[in-house]
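The values are calculated or read from the model by the stated rules, or taken from the named source; none is laboratory data. Computed from a prediction, not measured in an experiment: that's the story for all the values here. Cβ placement follows ideal geometry from the backbone for every residue including glycine, while neighbour counts extend to all protein chains displayed.
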Amino acid sequence: MIKKIVKEISLGSGIAILGFLVWKGYDILPLIFIFGFFAAVYFLAESKGMVKPVGFQKVSSGKGTTGITFKDIGGQDSAIKELKEALNFIINYEQIKKLGIRPLKGILLTGPPGTGKTLLAKAAANYTDAVFVATSGSEFIEMYAGVGAQRVRKLFKTARENAAKEGKNNAIIFIDEIEVVGGKRGSNSSHMEYDQTLNQLLVEMDGMKTDDSVKTLLIAATNRSDMLDPALMRPGRFDRHVKVDLPSKDGREQILRIHTRNKPMAADVNLCDIAKETFGFSGAHLESLTNEAAIYAFREAEKEITSHHFKEAVDKVMMGEKLDKRPNQAELRRVAVHETGHALISEILKPGSVSTLTISPRGNALGYMRQSPEDDIYLYTQDYLEKEICIALAGALAEEAIFDSRSTGNANDFEQAERLAKEIVNAGMSSMGTVAKASIPQDRMHSVVTEILQEQENKIKEILKPYSETIIEITDILLEKERLSGDEFRKFINSEKQLTA
Ligand code: ATP
């Protein structure tokens, strides 16, 4: 990628210099001849394979080289199972030939960023004892017509040549971000170049024969399978689509175990609890989380990573780095009241749900209250969504209860509450009943959303009425300690009074 940028900057500067010389009245014809000569030599050398095309990352097979095996990938059991089955067709080629099964040509890995698609492709190369050649869709795209198609040809050729050189029977080509090169034809503004590149890819895939001495398998990854050209998706090209989703709670625990294997862990660290708190994290987030926890331990000159380091790291990955900006005392008090409001309503409506409560600024937030979901949730009921709206609005209403006014700190909470209210409407759970989402008039949507939000606001006002004293007491503790864990928060409120809705 860097090489490509340097190349394009050099070209741009070259043209600018030539323009400048013309403007100054110099004769640039000899320069153009010299430049043309070198360009011709370069392209000739590239087409003969003497110059390596930009971007192909060649990684050979074998444990010592790509180093990645399926054991290094957590939380993707079903993806691994599907992938292994397809790979077994390559390994047991003679057996499947007897049954007349045609080995697969292409496997498409789809899923959100950072879930392990590249890792799966690397592990596949190890599993099949194949040479591994990796590139990314963006490496094919240049402004010059025909270059992309030439690079596709080169990619397949390189894979076959590398396999032959290393005496291997199999080659795996991995193209990340396939949507860049495999997008629907005609959809791009400079579509001739894009279309030529995709056509070449289709030609190469059609030319992959099962009786070749080197069997080639194309593995591609994308976060946007909806953008791909139907010709790529048809059987005979990408025959198998493997979904690589965000990991479940058990999956997250597995990934945490993998990434803490090489780290000294204190006895108080419970990876199951951390997995519970990290709903929505990808494998890449979890890897970063373990790394950040180790950095916190290093900063504190500790020999082991403790659960406190992990808590800080979860906040860092979720919210961003702690900020130096310090709000003034009055602002800090308001932030503490606001976060206490969120926490109190969260604990009343969903006992045991508060995980952390803090007034130290991080990322875009001056303070925050984090919930720990009991279980991963994939279906939301009306009751669940209404409770979440209440928790989102509770910060503003706590401010109103204590200071008799609200602040701009509530803007994000309102956006979240509005989004949740719209989900209620779109799922047919509002007073409008079942609706066709696209044909709801804007003012009708506005009035139903306002109705839902108003109803929840009234509910929170009623709930908060007896708790003004409690809010002030927790605010004072928060101003002194800056951060309360869910357990500390619960210990305090349980010693004060029994919470009731
Ligand atoms: P993108 O779509 O952005 O290219 P990706 O799905 O290809 O992302 P990878 O590059 O495979 O993601 O993962 C990035 C890093 O995240 C890996 O190097 C690894 O440290 C970690 N990681 C991601 N998923 C997993 C997983 N399932 N198990 C273990 N580690 C993982």
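Taking the numbered list (1) without any contact (Cβ under 8 Å) to a residue 12 or more places away in the chain; (2) under 29 Å from F310 (Cα atoms); (3) not β-branched (V, I, T) in turn, D404 passes all entries but (2). Total residues in the stretch 367-399 satisfying the condition of being part of a loop (DSSP other than H, G, I, E, B) and crowded, with 23+ Cβ neighbours inside 10 Å: the figure is 1.
Of everything in the stretch 193-252, what is free of Cβ contacts under 8 Å to residues at least 60 places away in the same chain, part of a loop (DSSP other than H, G, I, E, B) and within 29 Å of the chain's Cα centre (by Cα)? Give them in sequence order. Answer for the stretch 193-252, where residues must be free of Cβ contacts under 8 Å to residues at least 60 places away in the same chain, part of a loop (DSSP other than H, G, I, E, B) and within 29 Å of the chain's Cα centre (by Cα): R224, D229, R234, P235. Looking across the stretch 86-138 at every residue that is closer than 27 Å to R224 by Cα and of a type in the set (D, E, K, R), the one that is farthest from the ligand (Cβ to nearest atom) is identified as K105.
No other residue among A421, A411 is touching a Leu at 6+ places or on another chain (Cβ under 8 Å), on the phi < 0 side of the Ramachandran plot and assigned by TED's automatic domain parsing to the domain that holds R370 apart from A421.
Residues in the stretch 284-332 that are surrounded by 19 or more Cβ atoms within 10 Å (Cβ to Cβ) and either outside any helix (DSSP H, G or I) or free of Cβ contacts under 8 Å to residues at least 12 places away in the same chain (or both): I305 only.
For the residues S430, S485, S447, the requirement of being of a type in the set (S, T, Y) and exposed (fewer than 14 other Cβ atoms within 10 Å of the Cβ) singles out S447. Taking V335, is it in contact (Cβ under 8 Å) with a residue 40 or more places away in the chain and not assigned by TED's automatic domain parsing to the domain that holds A266? In short, yes.
Search the stretch 102-129 for residues that are on the phi > 0 side of the Ramachandran plot and pair each with any residue that is crowded, with 23+ Cβ neighbours inside 10 Å and of a type in the set (D, E, K, R) when their beta-carbon atoms are under 7 Å apart and the residues are at least 6 apart or on different chains. From the stretch 102-129, the pairs are G111/K117.
Could you identify the single residue in G280, G251, G320, G236 that is within 16 Å of the ligand (Cβ to nearest atom) and on the phi > 0 side of the Ramachandran plot? If you could, list the steps in order and put the result at the bottom.
Details: G251 fails: on the phi > 0 side of the Ramachandran plot; G320 fails: within 16 Å of the ligand (Cβ to nearest atom); G236 fails: within 16 Å of the ligand (Cβ to nearest atom).
Going through G280, G251, G320, G236 in turn, the sole match is G280.
Here are some residues: N270, N262. Which one is exposed (fewer than 15 other Cβ atoms within 10 Å of the Cβ), of a type outside the set (A, V, I, L, M, F, W, C), within 13 Å of the ligand (Cβ to nearest atom) and over 17 Å from the mean Cα position of the chain (by Cα)? After ruling out the rest, the residue left standing is N262. Scanning the stretch 439-495 for residues that are free of Cβ contacts under 8 Å to residues at least 12 places away in the same chain and under 23 Å from S372 (Cα atoms) gives K481, D487, E488, K491, N494, S495.
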